[in-house]
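Values quoted throughout were computed directly from the atomic coordinates according to the rules given, and no laboratory measurement underlies them. The shown structure was predicted, so the numbers you read here are calculated from the model rather than taken from an experiment. In this analysis, Cβ positions are derived from the backbone assuming ideal geometry, glycine residues included, and neighbour counts consider all displayed protein chains.
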Amino acid sequence: MELVKALDLVDFINEFKSFLAREKPLFIEGDINLHFNFINELKKYEFKAPVSVKTLDTEILHIKKQGVLRLEEIFEFVKIFRYFLYLKRVKFEGKIKEFIDSINIPEEIKEVEGYFDEKGELRVSIDDRLESLQMALKQNKEQIRQKLQALLNSNKLQGYLVDRQIHYVNEEETLLVRGGFNHVLKGTVVGRSSGGFFYVAPEAITKLKEKEAAIISQIEEVRLEWAKKISTVFLRWIKFIEYINRAFDRFDHYQARVNFAKAKNLFFILPKNDDKIVLKDFIHPAIANPKPISVDFSKKVLIITGVNAGGKTMLLKSILAATYLAKYLLPMKLDPKSSRIGRFKEIIPIIEDPQNVKNDISTFAGRMLEFSRLFQKREALVGVDEIELGTDSDEAATLFKVILEELMKRDIKIAITTHHKRLASLMAAYDEVELVAAIYDEEKGAPTYEFLQGIIGKSYAFETAKRYGIPLNIVKRAIEEYGEDQAKLSELIERGSELERELRKKNSKLQEEIERVEFLRRTLEDERHSLFTQLKEEKERLSRIFQEAISDAKSAIKAKDTKDAHRLLNKAHQKAKEAKIKEKKISEDIKVGDSVKYRKNRGVVLSLKAKEAYVDFDGIKMRVPLNELKRINPVKKKTQAPKVSVSKPKKLSVKLDLHGLRVDEALEKTDKFLSDSLLAGFDEVLIYHGVGSGKLARAVREFLKNHPRVKSFSDAPPSMGGFGATVVEL
C-alpha cells in the first residue's frame with residue numbers, strides 16, 4: 001500500500017476494488033499471458049457481475065473440522081454456485097467456455113442451491129414443518145396487531161393514552177400511557193418517556209409474544225437441522241468447494257478488470273519480457289484535466305530536467321505507475337498499440353523526503369540509506385525525485401554519477417528528476433542514458449507540461465519565482481547577482497550536451513552505414529566470383545556446342561546422300577538452338593510513363609522501341625528488355641538527394657549477336673549489352689558482328705574505343721568467330 005500511496009494511485013485502486021465481489025490481493029496467480037488473453041476474450045461479452053460475497057477461508061476450514069455452518073454462511077457459498085450456474089447459461093466461446101464448462105457442479109450441490117430464496121432464507125417448500133410454523137408465526141403476529149388495535153380503540157383506555165401509536169421499546173410493542181393506567185390495563189412498564197409517561201407492554205400482548213418466541217425457537221431448530229444436513233453435504237464435496245471457491249476468485253479478478261475498464265474507457269497492456277518502457281498518451285489517474293504523457297524509456301537511465309513545477313515529478317510517477325498497473329494487469333488510459341512496458345520484479349520509488357523526527361536521520365543520509373539498498377536488488381525499476389536533495393549539488397552530481405555508473409552494470413533501470421544541470425551533463429555521454437526536458441513557454445511565461453527527449457532543460461528559477469508572486473525588484477537583483485557569465489555557462493552546458501548527443505547519434509549512424517557498405521562489398525565480391533565462374537563454364541559449353549554444330553554441318557556437306565545431309569543439318573541446327581537463351585514473353589502491356597520494376601530497381605519508362613524500353617532509374621537511364629519489366633505503382637518522389645542501388649542481373653548472356661542489324665540498331669544494342677554486363681560484373685564478353693563489308697565491324701570497334709568502361713578489345717580466336725567477332729575486356 002505504501003507503493004500505491006507514493007505513486008498517487010490510492011483512489012484509483014480503491015475504485016477498482018469496488019468492482020470486486022470480495023476483497024483479495026491485486027496479484028493474479030498463474031501465467032500472466034493466459035490471464036491477459038482471458039481478459040481480452042471476456043471484453044467481447046456482456047454479462048452480469050457477481051454479487052458481493054464473503055471471504056470463506058475460515059468457513060472452509062470449519063467444514064474440514066466437521067463443524068456446522070450457520071445458514072447465513074452456507075448462503076455465501078450458494079451465491080458462488082448460483083453465479084457459475086448463471087455463467088453456464090451465457091453463450092461464451094473459446095477459452096472462457098472451456099473454463100466455465102470445466103466447473104461441473106454436483107447434483108447434491110445444485111439441490112442445496114435450490115433450498116434458498118434470493119434473500120438467503122430457506123424456502124418453506126423444502127420442509128412441511130417450516131411451512132406450518134411460518135403460517136403459525138404469521139397468524140400470531142396478526143393476533144398481536146389485532147389485540148393492539150382493540151386496546152387503542154378501548155373506551156376505558158382512551159383517557160390514559162398519550163397518543164394512538166404503537167411504540168417499540170426494547171423490541172417490544174408498547175403503549176404510551178399516563179399514570180393510573182393500572183385501573184384499566186394490565187401490563188408491564190418497560191420504560192418512561194422524557195415527559196414522565198409510561199411505556200407499557202400489555203399483558204395480553206406479552207402472552208402472544210411468548211407464543212411467538214416459542215414458534216421462532218421451533219423454526220430455529222428446523223433451520224439447525226438443515227444447517228447440519230447441508231454442512232454434511234459440503235464435507236462430502238469439500239474438494240469441489242475449495243476448487244469452486246478458487247475459481248470464483250479467478251473469475252472475479254477477470255470480471256472486475258473488464259467491467260472497470262469498460263466503465264472508465266481504459267486499456268490493458270501485457271508486460272513484455274524486457275525492460276523497455278515506451279508510453280504513448282498515458283494519463284495518470286490522479287490528475288484532473290491532464291495532458292497525455294509520451295516518453296521513450298528504452299535505455300537504462302532516464303534523467304528528467306527542466307522548469308520547476310513543470311511536471312517532472314508527475315512524469316516520474318507516471319512511468320512507475322504505468323509499470324505497476326501493467327504488472328498487475330490493471331487497465332489504464334493510454335495508446336495500447338504504441339505503448340510498451342517491460343517486466344520488473346520490484347518497483348522502488350525514492351520520492352519522499354526521508355527526514356522526520358522519528359527516525360532521527362538527515363535528508364541526505366536517508367537518501368544514501370535508500371541507495372545503498374539498491375545494490376542488493378535485481379530486475380528492479382527505480383524512480384528518484386530530486387536526486388541531489390539534501391546536499392551540495394556539485395558534490396552530489398559527482399557522487400551520483402559514480403553510483404549510477406555502478407547501477408547501470410546491474411539489472412536495474414532507474415529514472416531520476418533533477419533541476420541541476422551538472423549531473424545531466426556528466427551522464428549525457430553514456431549511450432544508455434536518455435535525457436528528457438520539461439518544456440517552458442517563454443512567451444507565456446509558464447510551463448507547458450510537455451517533454452522533449454534528447455536535451456537538458458533549463459530550470460527557469462527566476463521566471464518561476466515571478467510567476468508565483470516574488471516581487472520583481474527582488475527577482476531582478478537575484479538575476480544581477482547570478483551574473484551574465486553564469487547564465488552563459490549554463491547555456492553552454494546545455495548546448496554542449498545537446499551537440500555531444502547529436503554527434504554520437506551521427507557517429508552511430510555513420511558506423512552502421514560503413515558496416516552496411518562493407519557487407520555489400522563482400523556480397524558483391526562473392527557474386528562477382530560466382531558470375532565469373534558461371535561465365536567461364538558458359539564459354540566452355542558454348543564453344544563445345546559451337547564446334548559440334550560446325551562438325552555436323554561439315555559432315556552434312558560431305559554427305560552424298562541428300563536425306564543423310566538433311567538429317568545432319570537438322571542435328572546441327574538443333575545444337576545451335578541449344579546455345580541460344582530463350583526469351584521471356586512480354587507479360588504486361590508497358591506504356592511510356594509507367595512506373596516499372598527491373599530486378600530490384602524502380603524507374604519510369606521514357607520511351608519504347610521494339611522489345612526494349614528506355615527507363616529512368618532515379619537519374620540513371622538504361623535500355624532494358626521489355627520482358628524483364630514489371631509494372632508497379634507510381635514511384636514516390638523523394639525530397640532528399642536520390643540514392644540508387646542497382647542490383648546485378650542474375651541471368652545474362654556473355655555474347656551479343658549483331659548479324660543482320662543496321663549500324664544504329666547495332667550500336668544501341670551494344671550500349672545496352674555493355675551496361676548489363678557491367679552490372680553483372682563480367683570481365684570479358686563476346687560480340688558477333690560478322691565480316692561482310694566490314695562497315696558494321698568498324699562501327700562497333702569505333703564505339704568500343706570511345707566507351708569509358710572498355711579496357712581493351714581484340715579479334716576473337718578462330719574457334720569463337722575469328723574476324724567476325726570481337727572479344728571485349730571490361
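What is the calculated FRET efficiency for residue 188 to residue 375, with r their C-beta to C-beta distance and R₀ = 60 Å, to the nearest 0.05?
0.15
So which of 276/409; 44/327; 43/377 end up more than 26 Å apart, counting from Cα to Cα?
Among 276/409; 44/327; 43/377, the Cα-Cα distance tops 26 Å for 43/377.
Specify whether the C-alpha gyration tensor of segment 191-255 places it in the rounded, prolate or oblate class, a ≥ b ≥ c being the square roots of the eigenvalues: rounded for a/c under 1.5, otherwise prolate if a/b is larger than b/c and oblate if not.
The shape class here is oblate.
Within the set 64/110; 119/333; 65/110; 24/299; 5/48; 621/705, which residue pairs have Cα atoms separated by over 30 Å?
119/333; 24/299; 5/48, as the Cα separations exceed 30 Å there.
What number comes out for the charge environment of residue 138, summing +1 per Lys or Arg and -1 per Asp or Glu over other residues with Cβ under 12 Å away?
-1
Can you sort 167, 183, 659 from fewest to most other Cβ atoms within 10 Å of each residue's own Cβ?
183, 659, 167
Give me 720, 135 sorted ascending by neighbouring Cβ count inside 10 Å, so fewest comes first.
Ascending number of Cβ neighbours within 10 Å: 135, 720.
Please list 3J(HN,Hα) in residue order for segment 327-341, calculated via the Karplus relation 6.51 cos²θ - 1.76 cosθ + 1.60 where θ = phi - 60°; whole Hz, with x for glycine and proline.
Ordered by residue, 3J(HN,Hα) equals 4, 9, 6, 9, x, 8, 9, 5, 8, x, 6, 9, 9, 8, 9 Hz.
Once you have the Cα-Cα distance between residue 95 and residue 534, take 0.36 nm times their residue separation minus that, and quote the gain in nm to one decimal.
Using 0.36 nm per residue and subtracting the Cα-Cα distance, I get 152.3 nm.
Nothing charged except the Cβ atoms of Lys and Arg (+1) and of Asp and Glu (-1): what's the magnitude of the dipole of segment 129-214 about its Cα centre? Round to the nearest 20 debye.
Dipole size: approximately 200 debye.
First check a/c for segment 214-330, with a ≥ b ≥ c the square roots of the eigenvalues of its C-alpha gyration tensor; if it is under 1.5, answer rounded, and if not, answer prolate when a/b is larger than b/c or oblate otherwise.
prolate
Find how many whole Å separate the alpha carbon centroid of segment 397-412 from the alpha carbon centroid of segment 281-337.
Using only Cα atoms, the two centres lie 23 Å from each other.
Using the Cα gyration tensor of segment 3-43, with a ≥ b ≥ c the square roots of its eigenvalues, what is the shape: rounded (a/c below 1.5), prolate (a/b larger than b/c) or oblate (neither)?
prolate
Based on DSSP, what percent of beta bridges with both residues in segment 650-730 are antiparallel, to the nearest 5?
75 percent
Sort 619-625, 521-527, 431-437 by the packing proxy (mean of other Cβ within 10 Å over each peptide's residues), most packed first.
Top to bottom by mean Cβ count within 10 Å: 431-437, 619-625, 521-527.
Where the centroid of each part is defined by its Cα atoms, how far is segment 178-202 from segment 1-48 in Å?
So the separation of the two Cα centres works out to 59 Å.
Test of understanding: ordering 417, 206 by Cβ neighbours within 10 Å, fewest first, what list do you get?
By the 10 Å Cβ count, ascending: 206, 417.
Given a Förster radius of 22 Å and the C-beta distance between residue 147 and residue 117 as r, what FRET efficiency does 1/(1 + (r/R0)^6) yield to the nearest 0.05?
For residue 147 and residue 117, the calculated efficiency is 0.15.
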